[in-house]
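So the structure is just underneath, and the comments pick up after that.
The values are calculated or read from the model by the stated rules, or taken from the named source; none is laboratory data. In this text, all values refer to a predicted model and were calculated from it rather than measured experimentally. Cβ coordinates were reconstructed from backbone atoms using ideal geometry, including for glycine residues, and neighbour counts include every protein chain displayed.
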Amino acid sequence: MRYRAVSRAVREIFLRHTDLIEPLSLDEAYLDVTENKTGLATATKVASVIRQQIREELNLTASAGAAPNKFLAKIASDWRKPNGLFVIQPAEVEDFLTPLPVGRIPGVGKVTEERLAKLGVRTVGELRIHPFDALQSLFGRYGQRLYELARGIDETPVVPNRPTKSVSAEDTFEQDVRLSETEPMIRRLAEKAWLASRKESRIAHTVILKLKTADFRVLTRSHTPPSPPHTCEEFTRIALSLLDRVGVDSRQRFRLVGVGLGNFRDQAGDAEPTLFPQ
C-alpha cells in the first residue's frame with residue numbers, strides 16, 4: 001500500500017503544475033508543461049521545481065528529462081537516472097541523436113536492429129540518411145516512424161486518463177550488475193507493480209521482464225500463462241523464471257531492470273498491448 005500512497009503523493013505534486021499527465025508506470029509519467037499552472041518560463045524550471053518538491057516533501061529522489069516531445073523526453077529522463085535532470089534543447093536535437101545507437105529508438109528491438117545493421121545502419125545519424133521511401137519499403141508503416149524519430153520528430157500528444165495498457169515498475173542500478181544479481185530487485189519491483197495493478201478493474205494476463213544493458217540495449221521477455229497470476233507470489237515466480245530466457249553472456253552487466261503486467265482484459269476478453277515494445 002505504501003507504493004500506491006507514494007505514487008498518489010507524487011501525482012499530487014505533478015497536478016500543481018499541469019493537468020496534462022500521462023502515466024507510463026507506477027513511478028513514471030509524461031507531463032505537458034507548455035502552459036503550466038505556476039507560470040514558470042521553461043520546462044527545465046518546472047522539472048527542477050518538481051524534483052525539489054519530491055525531495056523535500058517525500059524524501060525521494062527523482063529523475064527528469066525536459067525536451068520538445070515525448071520521444072526525446074523519455075530518452076532524456078533515462079540519461080541521468082537514478083537522480084538527475086537532463087535537458088535537450090530544440091537546437092541540440094540533431095547533434096544529440098546522431099551518435100545514439102538505433103536501439104535507443106522505441107520499437108527497435110533485436111530483430112529490427114539486426115535488419116538495420118545489414119544495411120550498415122547502427123546509429124541514428126546513419127539512419128537519418130536513408131530516404132523515406134526506402135524505409136517505408138523495408139518496414140511498412142513503421143518506416144515512417146523511424147524516419148521521423150531519426151529527425152527528432154514526434155507529434156504524439158500527452159494524453160491524460162488513457163485506459164491502462166500495462167502496469168510496471170523499474171529501477172536503475174547505481175552500479176551495473178550481472179544477471180544473477182538482479183533477483184532481489186525483481187522481487188521488490190514485482191511487489192510494487194502488483195500493488196499498483198490491484199486498483200485496475202481489468203485483469204492482466206501477461207508478465208513482462210525488462211532489462212537494459214550497460215550499453216543501453218533493451219531486452220524484454222514476456223510470458224502469458226494459461227490463467228493470469230492470482231497472487232503477488234505467483235507473479236514474482238513467473239517474472240523470475242523469465243531470467244532463464246534472457247540468454248546473454250554471463251559477463252554481461254545491466255544498468256536497469258523492470259517488471260510489469262500487461263495484456264489487460266475486460267470481461268469481454270478484449271486485450272490491450274503488452275508493456276514493453278520489442
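Annotations for the structure displayed:
- In the set (1) buried (at least 17 other Cβ atoms within 10 Å of the Cβ); (2) in the same structural domain as residue 106 (by TED's automatic domain parsing), the condition left unmet by residue 204 is number (2).
- Filtered residues of the stretch 103-139 (kept if touching a strand residue (DSSP E or B) at 6+ places or on another chain (Cβ under 8 Å) and not in a helix (DSSP H, G or I)): 109, 122, 123
- Which numbered condition residue 94 misses (of (1) crowded, with 16+ Cβ neighbours inside 10 Å; (2) in a helix (DSSP H, G or I)): (1)
- Screening residue 270 against (1) under 22 Å from residue 111 (Cα atoms); (2) modelled with pLDDT under 85 leaves a single unmet condition, (1).
- Some residue of the stretch 28-41 being outside the structural domain of residue 210 (by TED's automatic domain parsing), modelled with pLDDT under 90 and under 21 Å from the mean Cα position of the chain (by Cα): yes
- Yes/no for residue 87 being out of contact with any helix residue (DSSP H, G or I) (no Cβ under 6 Å at 6 or more places or on another chain), among the hydrophobic types (A, V, I, L, M, F, W, C) and in contact (Cβ under 8 Å) with a residue 40 or more places away in the chain: no
- Where a residue in the stretch 59-74 is farther than 22 Å from residue 146 by Cα and its partner, wherever it lies, is in a strand (DSSP E or B), with Cβ under 6 Å and at least six apart: 64/85
- Pairs linking a residue in the stretch 20-45 that is closer than 13 Å to residue 77 by Cβ to a residue that is of a type in the set (S, T, N, Q) and surrounded by fewer than 20 Cβ atoms within 10 Å (Cβ to Cβ), with Cβ atoms under 6 Å and 6 or more positions apart or on different chains, are 31/18.
- Failed item, numbered, when residue 142 is tested on (1) within 19 Å of residue 212 (Cβ to Cβ); (2) of a type outside the set (A, V, I, L, M, F, W, C); (3) in a helix (DSSP H, G or I): (1)
- Residue list for the stretch 127-173, filter: free of Cβ contacts under 8 Å to residues at least 60 places away in the same chain and buried (at least 17 other Cβ atoms within 10 Å of the Cβ): 127, 128, 130, 135, 139, 143, 145, 146, 147, 150
- Applying the set (1) closer than 22 Å to residue 211 by Cβ; (2) at pLDDT 90 or above to residue 106 leaves exactly one unmet item: (2).
- Condition met for residue 156 (of a type in the set (Ser, Thr, Tyr), under 26 Å from residue 42 (Cα atoms), assigned to a loop (DSSP other than H, G, I, E, B) and touching a helix residue (DSSP H, G or I) at 6+ places or on another chain (Cβ under 9 Å)): yes
- For residue 111, the test of being within 16 Å of the chain's Cα centre (by Cα) and either surrounded by 15 or more Cβ atoms within 10 Å (Cβ to Cβ) or in contact (Cβ under 8 Å) with a residue 24 or more places away in the chain (or both) is failed.
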